[in-house]
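> Quick one: this structure, given as structure tokens, is what I'll be asking you about.
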Amino acid sequence: MDQSQSGTNGVGQRLRELRQKRGLNQQDLASADISVSYVSLIETGKRAPSETVLKALAARVGCTVDYLKTGRDDARVKELELKVAFGDMAMRNGSNGEALQSYSEALANAPLLGEQMVRRARLGQALAFEKLGRLEAAIQLFSTLHEDPAVVAGSVEWAQVAVALCRAYREAGDQVMSVEVGERALRTLDQLGLDVTDDHIQIGATLISCYYNRGDLTQAQLLVNRLTALAEQNGSRVARGAVYWTAALVANSSGRVEESLALTERALALMAETDNARHVSLLKINCADYLLDTESEDLDRAQQLLDEAQEAMLEVGTAAEQARLETAWARLALRQGAPEAAADRASRALGLLRNEARFESAFTRVVLAQAQFERGEAREGAETLRAVERQLGTIPANRNTAMVWRLVGDLWQAHGFTAEALTTYQRALSGVGLRPLRASSKVVAPLS
């Protein structure tokens, strides 16, 4: 095939690929001056279109004449790369909807972009879906990237995708898959024998949170111990902060509240100088929550932490993260003896969560119920607790849901609803894997 034929065939191939990608048929490209058969001849490389025909066809498939001729359109490529960069910036600023739109527009023209830029846009799109609560779509995209042979195991890109997939499964309530992804990633790193990097430490930190959600505090603590040593030896301030952040979560769940406070303060000190205002704010909310879990009367410190977190959360926090802040404010108001303010804050948090069937909104409703009881609204408080129970029935059981069941039981008990409290405590035990005895079973007394 001579040079002219080769160039003609390239034009036809690019025209066919773009047409099919946009869901068009050959008739869609035809006009009074361009017949369907002529389009077919161009696509098969049997005719070389004129400049006029090229211009008309390029307009119909959404590309430039230069792209049809050469496969390159430097101005268009630059424009699409800027869209991806804008998506990255929008994500950092918390504008997740704008980010998703930018990534999607770039991916609509994926044939014009290089493979690495396409993967970057797909990862950004998946992260935007995750931030917007569209976890099923996010998991599908993360999984495709995780299985892509071009994403080299052990690379920064691979580690970022592994962390994101592990986290998305965790947020979706699939604790089995979240742990499986995290453990498989750590095994891969061990087998590769690579030097420990911040990205590797982040995989472990995410896996710790998955163990926590599954209720496996022993495995979580063992991994905390391993990662703490690695982070202190090889990690940056951010990596060490991430480890102490998750270590605090495990310590708090094990009843070591003072230790969790110390670990969170240490994480804050490490991450305070970074430019990730969102993470620092989330840590401050955690620290305030841990203070409120104690009998400490240092409520001014909790208020200071929430004040400092509020500005950044309003700018870069997701709706769920802003709701966490409102719930923390509600808890503080209860400790300050202001149930009216607590109810207002809790209601605002539920509005941000849009009544989704999530652990966060169930927990917030418990706080709202407590405020209602303290305002003397026993009937409203009881109705709110029953709404919590209905909601918990739609969420996969894990340690978090068991904790909320326990809080519901405590409120029933505190306000004289003994039968309801007993039922709720049983649900709490079932949530951590302890099933009730069958009626015919006998309780065996322990050996003395």
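> List, please: which pairs have Cβ atoms under 7 Å, are six or more places apart or on different chains, and start with a residue in the range 62-84 that is closer than 21 Å to VAL11 by Cβ and of a type in the set (Gly, Ala, Ser) and end with one that is in a loop (DSSP other than H, G, I, E, B) and modelled with pLDDT of 85 or more?
Listed by first residue and then by second, the contacts come to GLY62/ARG22.
Rundown of residues vs (1) outside any helix (DSSP H, G or I); (2) surrounded by 15 or more Cβ atoms within 10 Å (Cβ to Cβ), yes/no style:
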residue	(1), (2)
LEU263	no, yes
LEU282	no, yes
ALA288	no, yes
GLU295	yes, no
ARG301	no, no
LEU305	no, yes
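> Taking the condition part of a helix (DSSP H, G or I), at pLDDT 95 or above and either acidic (Asp, Glu) or in contact with a helix residue (DSSP H, G or I) (Cβ under 6 Å, 6 or more places away or on another chain) (or both), does ALA346 pass?
yes
> Also: From the set of residues in the range 43-61 that are small (Gly, Ala, Ser) and assigned to a helix (DSSP H, G or I), which is surrounded by the fewest Cβ atoms within 10 Å (Cβ to Cβ)?
Result: ALA59.
Condition check ((1) at pLDDT 95 or above; (2) under 19 Å from GLU326 (Cβ atoms)) across all residues:
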| residue | (1), (2) |
| --- | --- |
| LEU352 | no, yes |
| ASN355 | no, yes |
| ALA362 | no, yes |
| LEU368 | yes, yes |
| GLN372 | yes, yes |
| GLU377 | yes, no |
| GLU383 | yes, no |
| GLY393 | no, no |
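> Just a yes or no: is a residue in the range 216-228 surrounded by fewer than 20 Cβ atoms within 10 Å (Cβ to Cβ) and either under 18 Å from the mean Cα position of the chain (by Cα) or not in a helix (DSSP H, G or I) (or both)?
Taking every residue of the range 216-228 in turn, at least one turns out to be surrounded by fewer than 20 Cβ atoms within 10 Å (Cβ to Cβ) and either under 18 Å from the mean Cα position of the chain (by Cα) or not in a helix (DSSP H, G or I) (or both).
> Given the condition of a type in the set (Lys, Arg) and within 29 Å of GLY173 (Cα to Cα), answer yes or no: does some residue in the range 71-84 qualify?
The answer is no, given that none of the residues of the range 71-84 is of a type in the set (Lys, Arg) and within 29 Å of GLY173 (Cα to Cα).
> Another question, if that's okay. If I go through the range 236-261 residue by residue, how many of them are of a type outside the set (Phe, Trp, Tyr), in a helix (DSSP H, G or I), under 15 Å from ILE208 (Cβ atoms) and in contact (Cβ under 8 Å) with a residue 24 or more places away in the chain?
Qualifying residue count for the region: 13.
Each row is one residue, and each column tells you yes or no for (1) over 17 Å from ARG345 (Cα atoms); (2) of a type in the set (Ser, Thr, Tyr).
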{"residue": "GLU232", "(1), (2)": "yes, no"}
{"residue": "LEU249", "(1), (2)": "yes, no"}
{"residue": "SER260", "(1), (2)": "yes, yes"}
{"residue": "ASN276", "(1), (2)": "yes, no"}
{"residue": "HIS279", "(1), (2)": "yes, no"}
{"residue": "LEU306", "(1), (2)": "no, no"}
{"residue": "ALA309", "(1), (2)": "no, no"}
{"residue": "GLU315", "(1), (2)": "yes, no"}
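> So, restricting to helices (runs of 4 or more DSSP H) that lie completely within the range 85-183, which ones have at least 3 residues that are in contact (Cβ under 8 Å) with a residue 40 or more places away in the chain?
115-131, 156-171
> Checking the conditions here, which among GLN160, GLN202, GLN175, GLN125 is polar (S, T, N, Q), closer than 30 Å to ALA229 by Cα and in contact with a Leu (Cβ under 8 Å, 6 or more places away or on another chain)?
Exactly one residue qualifies, and that residue is GLN160.
> If you don't mind, there's one more thing I want to ask. Would you check if LEU314 is assigned to a helix (DSSP H, G or I), more than 25 Å from GLN370 (Cα to Cα) and without any contact (Cβ under 8 Å) to a residue 24 or more places away in the chain?
For LEU314, the condition - assigned to a helix (DSSP H, G or I), more than 25 Å from GLN370 (Cα to Cα) and without any contact (Cβ under 8 Å) to a residue 24 or more places away in the chain - is met.
The values are calculated or read from the model by the stated rules, or taken from the named source; none is laboratory data. This structure is a prediction, so every number in the text was calculated from the model and none was measured. Neighbour counts are summed over all protein chains in view; Cβ atoms, including those assigned to glycine, are modelled from backbone coordinates with ideal geometry.
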